[in-house]
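First up is the structure itself, then whatever we jot down about it.
The values are calculated or read from the model by the stated rules, or taken from the named source; none is laboratory data. Owing to the predicted nature of the structure, the values given are computational and were not obtained by experimental measurement. Heads up, the Cβs are rebuilt from the backbone with ideal geometry, glycines too, and the neighbour counts pull from every protein chain shown. For the accessible areas, the whole protein counts, side chains as well, though only heavy atoms, and no ligand, DNA or RNA atoms are used. Shrake-Rupley method; radii C 1.70, N 1.55, O 1.52, S 1.80 Å.
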Amino acid sequence: MTATNVNIIGLTRDVYKGLPSTLCAGCGHNSITNHLIKALYEYGVQPHRLAKMSGIGCSSKTPAYFVDSAHGFNSLHGRMPSAATGAKLANRELLVLGISGDGDTASIGLGQFAHMIRRNIDCTYIVENNGCYGLTKGQFSATADVGSSSKGGKRNEYETIDICGVALELGATFVARSFSGDGKQLVPLLEAAFSHRGTAILDIVSPCVTFNDHEGSTKSYAHVKEHGFALHAPDFIAGSQEIVVDYEPGAAQDVEFEDGSHVILRKLDVEHDVTDRLGASRILHQTRERGELLTGLLYVDTKSRDFCEREAMPSAPLAHLGSSELRIGRDDWAALMAAGG
């Protein structure tokens, strides 16, 4: 008889799985989902105390692919932070996990991103960052690097918005970056983010394999359109292989994608002081100047108070409180008005 493997709260890993992914084969987002499942299992999260929040985009489908029995809410484009804020204020016992994308966060949702950080809402905020709008044919997003090229060869002329740089500038209390194919680094970062009391920003670089479609491929849109007979008009996205990396702290790793493009990842050295906000900004700028993408835990402030603590929110879920606890009494209201409050 084989013993069943369980985590620290007695649950099997299957409890943390969700629906089969409908994203492209080889999509970095699928790798992130697998790492999330592992991190949630190892951390021992109770499914009924997990709230999965998302906005709009490929990334925002991710919550469907893990922990079926958890709470979930798919909000409007760029509005995940306000929905997550409401969930956390209503029930402080929830582990609130927000999944967003680079377009959802750095463009339409930038205002909400900024104010969630400013308020230090207790939420793990994951940005699945592929630098393009994967649902709408791969236009540049605001996180695309200056000088990078689209699938069609167009050069990006606009300055990039660095998610980690903005988060540090806004006063975020936990800032980290990783790569979807580096589970060895990403899983511990996720678990650290779960344990942080405040807004934990994780910028995860996640390649969009759909836009490897190129001239010369027999499975490209152009080739199928030219040589096929249109019985109806379905889309076909060629699959790709997951990209996995493994490299040491302080070292750089050149990663080549299937379209021939490259990204150089540099993992933070073990000597990096994660409590030094200015040092984190400095090394972020230095590595960007060298054309490298810095990964690891950039900054953390373990002494800051989150929004609920600062505003003295009740520790019990609001749904468990009676009307006398939720409403101010007549006498107290009169006294408050008399005091000019």
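For this structure, a couple of remarks:
- The order of 190, 326, 94, 297 by accessible area, most exposed first and with a 1.4 Å probe, is 326, 297, 94, 190.
- Total charge dipole magnitude, the chain, about the Cα centre, Cβ charges on Lys, Arg, Asp, Glu only, Debye to nearest 20: 860
- Binned Cα-Cα distances of the range 261-319, short to long, each 5 Å bin given as a whole percent: 4, 15, 19, 15, 10, 9, 9, 8, 7, 3, 1
- Surface/4 estimate of mean projected area, convex hull on alpha-carbon atoms of the chain, nm²: 23.5
- Ranked order, 244, 255 - accessible area, probe 1.4 Å, largest first: 244, 255
- Whole-number percent relative contact order across the range 242-341, with pairs defined as alpha carbons under 8 Å at least 6 apart: 19
- Accessible-area composition of the chain, carbon plus sulfur, in percent [1.4 Å probe]: 53
- For the chain, the longest principal axis of the Cα atoms and the long axis of helix 110-119 meet at an angle of about 40 degrees.
- Cα gyration tensor of the range 97-178 - equivalent ellipsoid semi-axes, whole Å, descending: 25, 13, 10
- Heavy-atom accessible area per residue - the chain, 1.4 Å, Å²: 52
- Remark: accessible surface ordering of 158, 41 (largest first) is 158, 41, probe radius 1.4 Å.
- Rounded to the nearest 500, the 222 nm mean residue ellipticity of the chain from helices alone is -8500 deg cm²/dmol, with -39,500 (n - 2.57) taken per DSSP H run of at least 4 residues.
- In the context of the full protein assembly, residue 337 retains an accessible surface of approximately 100 Å², using a probe radius of 1.4 Å and ignoring ligands and nucleic acids.
- Computed on the chain, with alpha-carbon pairs under 8 angstrom and 6+ residues apart, the relative contact order is 17 percent.
- Shown for the range 59-198: lysine pairs separated by 8 or more places, or found on different chains, whose C-alpha atoms are under 23 Å apart, numbering 4.
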